[in-house]
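The values are calculated or read from the model by the stated rules, or taken from the named source; none is laboratory data. Just so you know, these numbers come straight off a predicted model, no measurement behind them. So basically every Cβ, Gly included, is an ideal-geometry build from the backbone, and we count neighbours across all protein chains shown.
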Amino acid sequence: MGYASEKEKIEKRIRLLKRVGLGVLIAVLLFLSVFSLFVPPQTWKYHVAKPKISQRKQGELRIHFLDVGQGDCTLVELPDGKTALIDGGDGSESTATTILRYLNALDVDAIDHLVVTHADSDHCGGLDKVVKYKKIKNAYLPKTLPSVNDEYAELYAALVEEDCALSYSSRKIDISTAHSYSYTLSFLYPYTADVEGEETATESNDSSAVVWLDYQGVSALFTGDVSSEVEKKLMQDHALGAFENRGVDLPSTEIIKIAHHGSNDSTSEEFLRFLGVETAAISCGKNNLYEHPSDDVLTRLQTVNAKVYRTDKNGNITITIKQDGTYGVKTLKN
């Protein structure tokens, strides 16, 4: 009799716990439904599951190559507290979420300089949402019609709607500061003459903006999707002294964002040796259909003894340039 009574008590407790658990579950689901009804997901979902990134220290410049799959997105934290964002991955929601959570993890509310190297969807697709949720102070765009593709059209419309200051990327642009931590951000390509006519109705990899960054004697080159033909032009321009009056010492480039995700039509061994590259970052997706990066490019990088980091294998890549002119690399998987 005692055993049966004790068993009944246990079963009552179990039934009670089940009812309580069910009640809690219903209450949570009801709360989430009401919360989502009155608080749009966009206002909170980019603030959860943020990557754990330390804050930039005084006098540091940091370059973040974000893992956005088969696309490009680079965030630069400048030593005066300003920011530059170069490209923004494809138009998937996961890409926009990755970028915005990364920006929120660093407490970045405004982008001082947005550079869209060219209008390919895997470089501009995620930026319309960034424009919606972050203030863009200056945007540098390719000289192409906004209707060149859907993703670029959406980005251009968002920039116009937010009344952003728009310019076409060209060699005449230099961004620098008189701050005690001086840096230079120089556009080396396309040529100014190439952006003086009408907008083009097509998009070309070789119209990509090429930007050179220098801080404390450490230099980095951001190459969009340019081919080896543009690399030849840059080497020729250096030989002709085209960069001398701008303080650009192209052969001193230690860090490079490998062009076109490691495609074989870019990153010639001649160009790598000309630059003196030590560190290479490749932005590409896991098991991508293009088989980027190509084995040939990886071999060339190995030949010049460059240390290679890849977003498909290493995740987010952060290069920190310190005030004493040294730099280090860290990686963080999403």
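Select, from 296, 225, 237, the only residue that is among the charged types (D, E, K, R) and closer than 28 Å to residue 320 by Cα. Spell out the reasoning first.
Values: 296 fails: closer than 28 Å to residue 320 by Cα; 237 fails: closer than 28 Å to residue 320 by Cα.
The unique qualifying residue is 225.
Considering only residues that are more than 30 Å from residue 121 (Cα to Cα) and free of Cβ contacts under 8 Å to residues at least 60 places away in the same chain, which ones fall in region 243-258?
Result: 243, 244, 245, 249, 251, 252.
Conditions tested, residue by residue: (1) aliphatic (A, V, I, L, M); (2) closer than 12 Å to residue 186 by Cβ; (3) not assigned by TED's automatic domain parsing to the domain that holds residue 187.
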{"site": "197", "(1), (2), (3)": "no, no, no"}
{"site": "201", "(1), (2), (3)": "yes, no, no"}
{"site": "229", "(1), (2), (3)": "no, no, no"}
{"site": "240", "(1), (2), (3)": "yes, no, no"}
{"site": "246", "(1), (2), (3)": "no, yes, no"}
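Yes/no matrix, rows are residues, columns are (1) in contact with a Gly (Cβ under 6 Å, 6 or more places away or on another chain); (2) surrounded by 20 or more Cβ atoms within 10 Å (Cβ to Cβ); (3) within 27 Å of residue 202 (Cβ to Cβ):
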residue: 74; (1), (2), (3): no, yes, yes
residue: 80; (1), (2), (3): no, no, no
residue: 90; (1), (2), (3): yes, yes, yes
residue: 100; (1), (2), (3): no, yes, no
residue: 104; (1), (2), (3): no, no, no
residue: 108; (1), (2), (3): no, no, no
residue: 119; (1), (2), (3): no, yes, yes
residue: 136; (1), (2), (3): no, yes, yes
residue: 139; (1), (2), (3): no, yes, yes
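Of the conditions (1) among the aliphatic types (A, V, I, L, M); (2) touching a Gly at 6+ places or on another chain (Cβ under 9 Å); (3) without any contact (Cβ under 8 Å) to a residue 60 or more places away in the chain, residue 158 satisfies every one except a single condition; which number is it?
With respect to (1) among the aliphatic types (A, V, I, L, M); (2) touching a Gly at 6+ places or on another chain (Cβ under 9 Å); (3) without any contact (Cβ under 8 Å) to a residue 60 or more places away in the chain, residue 158 is out only on (2).
Out of everything in region 227-263 that is in a loop (DSSP other than H, G, I, E, B) and within 19 Å of the chain's Cα centre (by Cα), what residue ends up being surrounded by the fewest Cβ atoms within 10 Å (Cβ to Cβ)? Write out each step before concluding.
Initially, region 227-263 is screened for residues in a loop (DSSP other than H, G, I, E, B), giving 227, 240-243, 247-249, 258, 263.
Applying the additional criterion that residues be within 19 Å of the chain's Cα centre (by Cα) yields 258, 263.
On the way: 258: 28, 263: 21.
Going through the qualifying residues, I end up with 263.
Scan region 183-193 for residues that are at pLDDT 90 or above and aliphatic (A, V, I, L, M) and jot them down. Working first, answer last.
As a first pass, look at region 183-193 and keep what is at pLDDT 90 or above: 183-192.
Once the filter is applied, which keeps residues that are at pLDDT 90 or above and aliphatic (A, V, I, L, M), region 183-193 yields 185, 188.
Here's the yes/no breakdown for (1) outside the structural domain of residue 174 (by TED's automatic domain parsing); (2) modelled with pLDDT of 95 or more; (3) on the phi > 0 side of the Ramachandran plot:
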{"residue": "44", "(1), (2), (3)": "yes, no, no"}
{"residue": "47", "(1), (2), (3)": "yes, no, no"}
{"residue": "62", "(1), (2), (3)": "no, yes, no"}
{"residue": "93", "(1), (2), (3)": "no, no, no"}
{"residue": "100", "(1), (2), (3)": "no, yes, no"}
{"residue": "128", "(1), (2), (3)": "no, yes, no"}
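Determine, yes or no, whether residue 266 is under 22 Å from the mean Cα position of the chain (by Cα), assigned to a loop (DSSP other than H, G, I, E, B) and of a type outside the set (A, V, I, L, M).
Considered against the rule, which asks whether it is under 22 Å from the mean Cα position of the chain (by Cα), assigned to a loop (DSSP other than H, G, I, E, B) and of a type outside the set (A, V, I, L, M), residue 266 comes out as yes.
Identify the residue in region 194-228 that is over 21 Å from residue 71 (Cα atoms) and of a type in the set (D, E, K, R) and, among all such residues, is modelled with the highest pLDDT.
Going through the qualifying residues, I end up with 214.
Please enumerate the residues belonging to region 278-321 that are in a loop (DSSP other than H, G, I, E, B), in contact with a strand residue (DSSP E or B) (Cβ under 8 Å, 6 or more places away or on another chain) and touching a residue at least 60 places away in the same chain (Cβ under 8 Å).
283, 284, 292, 315
Counting only residues that are hydroxyl-bearing (Ser, Thr, Tyr) and in contact with a strand residue (DSSP E or B) (Cβ under 7 Å, 6 or more places away or on another chain), which one in region 169-181 is surrounded by the most Cβ atoms within 10 Å (Cβ to Cβ)? I'd like the intermediate steps shown before the answer.
Taking region 169-181 as the starting set, the residues that turn out to be hydroxyl-bearing (Ser, Thr, Tyr) are 169-170, 176-177, 180-181.
Now drop any that are not in contact with a strand residue (DSSP E or B) (Cβ under 7 Å, 6 or more places away or on another chain), which leaves 169-170, 176-177.
Numbers: 169: 27, 170: 19, 176: 13, 177: 15.
Ranking the candidates gives 169 first.
Might you check whether a residue that is within 23 Å of residue 61 (Cα to Cα) and of a type in the set (A, V, I, L, M) occurs anywhere in region 134-145? Talk me through it step by step, then tell me what you get.
Start the filter on region 134-145 by keeping residues that are within 23 Å of residue 61 (Cα to Cα), which leaves 134-140.
When the remaining residues are screened for being of a type in the set (A, V, I, L, M), the result is 136, 139.
Checked against the condition, which is being within 23 Å of residue 61 (Cα to Cα) and of a type in the set (A, V, I, L, M), region 134-145 yields at least one hit.
Would you confirm whether or not region 186-193 contains a residue that is under 25 Å from the mean Cα position of the chain (by Cα), touching a residue at least 60 places away in the same chain (Cβ under 8 Å) and either crowded, with 16+ Cβ neighbours inside 10 Å or closer than 23 Å to residue 270 by Cβ (or both)?
Yes, the conditions are met somewhere in region 186-193.
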